[in-house]
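**Student:** Next up is a structure, given as structure tokens.
The values are calculated or read from the model by the stated rules, or taken from the named source; none is laboratory data. Here the structure is a predicted model, which is why all the values come from computation and not from measurement. Cβ placement follows ideal geometry from the backbone for every residue including glycine, while neighbour counts extend to all protein chains displayed.
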Amino acid sequence: MAKIKVNGQEFEVEKGVRLLTVLTEKGFKIPSMCFHHALTPAASCKLCVVEVRVGDEPPTTKLSCAIKTRDGMEVVTESAMIYKMRNLAIGNLLKMAPRSQRIIEIGEEFNLITGVIPDGCIRCRLCVRVCREIIGAQALKIVKRKGINYVAPREEGTCIGCGTCANICPTGAIQLVDKGNVRTIMIRDEVIGRHPLERCEMCGRLFATPKFLQHVEKQEHAKEHPDVKNHHQYCPTCAKLYSRKTQRLTAPVFSKPHGYKPKNEKLPE
């Protein structure tokens, strides 16, 4: 464990945890757009800046997503220098995504200067990282065009149509549209993937792309999935229902042993 101070308050916290996670858990409001607890930090948005001091060292500004808690750490979450750096960070984000409503909302919440300016994407790389680190499809990449970084499809055929990138995107720049039996995932006017949708054999709902189902089958944990084990094509809801039903049907039935006598019941003479 580590003892730290935040705005003069003392806390005992787990040592070696991302400072941003600890601050959030303790109820301190810290702006952030590119951080996700399941992914390695990229420190892209630069909004989560705080002042940190350890021992006799002079206080310095640090990105709270990138540093870990240590004993004796003193943290300040609001100061003139922090405000200046957050203003600079939000200005840089708005240069890339001047129409992003989420950036404007954060600016208003923390009294930052936005000037309202907007492509939607803030280059936080959450979509790129989740596709690479969690899904494993690596369907997205960062490309430089006229000196500006853009999230773009890696190459045709790599997207599996799971939609995780659209779900994790903090600004809604990535769009997922299911129309008829076709799923389209886009960023700006670029198509990341376009896929047919498969129907659940139990409820008939369109629920997943063939590439995603093939991807699931390859995962180690897929051996225990009823869809793979019994070769059924069920949506997650129906798969759970089917699994419970199977467990009930296959539960062992115990016969009464010879001489079994329930309480207050006489054995025949």
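**Student:** Take the residues of the range 121-179 that are in a helix (DSSP H, G or I) and polar (S, T, N, Q): which is nearest to V216 (Cα to Cα)?
**Tutor:** T164
**Student:** Does T69 fit the bill of being surrounded by fewer than 20 Cβ atoms within 10 Å (Cβ to Cβ) and of a type in the set (S, T, N, Q)?
**Tutor:** So T69 does not fit the description; no.
**Student:** Got at least one residue in the range 208-219 being assigned to a loop (DSSP other than H, G, I, E, B), small (G, A, S) and not assigned by TED's automatic domain parsing to the domain that holds K46?
**Tutor:** no
**Student:** Any chance the range 77-88 includes a residue that's under 28 Å from K15 (Cα atoms), buried (at least 20 other Cβ atoms within 10 Å of the Cβ), touching a Leu at 6+ places or on another chain (Cβ under 6 Å) and assigned by TED's automatic domain parsing to the domain that holds K26?
**Tutor:** There is at least one residue in the range 77-88 that is under 28 Å from K15 (Cα atoms), buried (at least 20 other Cβ atoms within 10 Å of the Cβ), touching a Leu at 6+ places or on another chain (Cβ under 6 Å) and assigned by TED's automatic domain parsing to the domain that holds K26.
**Student:** Any residue that is hydroxyl-bearing (S, T, Y) and in the same structural domain as P41 (by TED's automatic domain parsing) - is there at least one of those in the range 111-124?
**Tutor:** Taking every residue of the range 111-124 in turn, none turns out to be hydroxyl-bearing (S, T, Y) and in the same structural domain as P41 (by TED's automatic domain parsing).
**Student:** Any idea how many residues of the range 188-217 are among the β-branched types (V, I, T) and in contact with a Ser or Thr (Cβ under 9 Å, 6 or more places away or on another chain)?
**Tutor:** 2
**Student:** Those residues that are part of a strand (DSSP E or B) and surrounded by fewer than 17 Cβ atoms within 10 Å (Cβ to Cβ), I need them from the range 12-46; list them, please.
**Tutor:** E12
**Student:** Of the conditions (1) out of contact with any helix residue (DSSP H, G or I) (no Cβ under 8 Å at 6 or more places or on another chain); (2) closer than 30 Å to I4 by Cβ, G147 clears all except one; give me its number.
**Tutor:** Just one mismatch for G147, condition (2).
**Student:** May I pose another question? How many residues, within the range 157-177, are surrounded by fewer than 16 Cβ atoms within 10 Å (Cβ to Cβ) and either assigned by TED's automatic domain parsing to the domain that holds S32 or farther than 30 Å from K95 by Cα (or both)?
**Tutor:** The qualifying residues number 1.
**Student:** Which of (1) modelled with pLDDT under 85; (2) touching a helix residue (DSSP H, G or I) at 6+ places or on another chain (Cβ under 6 Å) is the odd one out, the single condition K218 does not satisfy?
**Tutor:** Unmet for K218, out of (1) modelled with pLDDT under 85; (2) touching a helix residue (DSSP H, G or I) at 6+ places or on another chain (Cβ under 6 Å): (2).
**Student:** Just checking, how many residues over the range 129-172 are of a type in the set (S, T, N, Q) and closer than 19 Å to P196 by Cβ?
**Tutor:** 2
**Student:** May I pose another question? Exactly one condition in (1) within 27 Å of V13 (Cα to Cα); (2) surrounded by 14 or more Cβ atoms within 10 Å (Cβ to Cβ) is false for A97; which is it?
**Tutor:** Tallying (1) within 27 Å of V13 (Cα to Cα); (2) surrounded by 14 or more Cβ atoms within 10 Å (Cβ to Cβ), A97 fails exactly one: (1).
Rundown of residues vs (1) modelled with pLDDT of 95 or more; (2) closer than 24 Å to L126 by Cα; (3) touching a His at 6+ places or on another chain (Cβ under 7 Å); (4) of a type in the set (A, V, I, L, M, F, W, C), yes/no style:
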site	(1), (2), (3), (4)
L19	yes, yes, no, yes
H36	no, yes, no, no
L39	no, yes, no, yes
T60	no, no, no, no
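**Student:** Can you tell me which residue within the range 129-156, out of those that are within 16 Å of the chain's Cα centre (by Cα) and not charged (D, E, K, R), is surrounded by the fewest Cβ atoms within 10 Å (Cβ to Cβ)?
**Tutor:** Looking at residues that are within 16 Å of the chain's Cα centre (by Cα) and not charged (D, E, K, R), I get G136.
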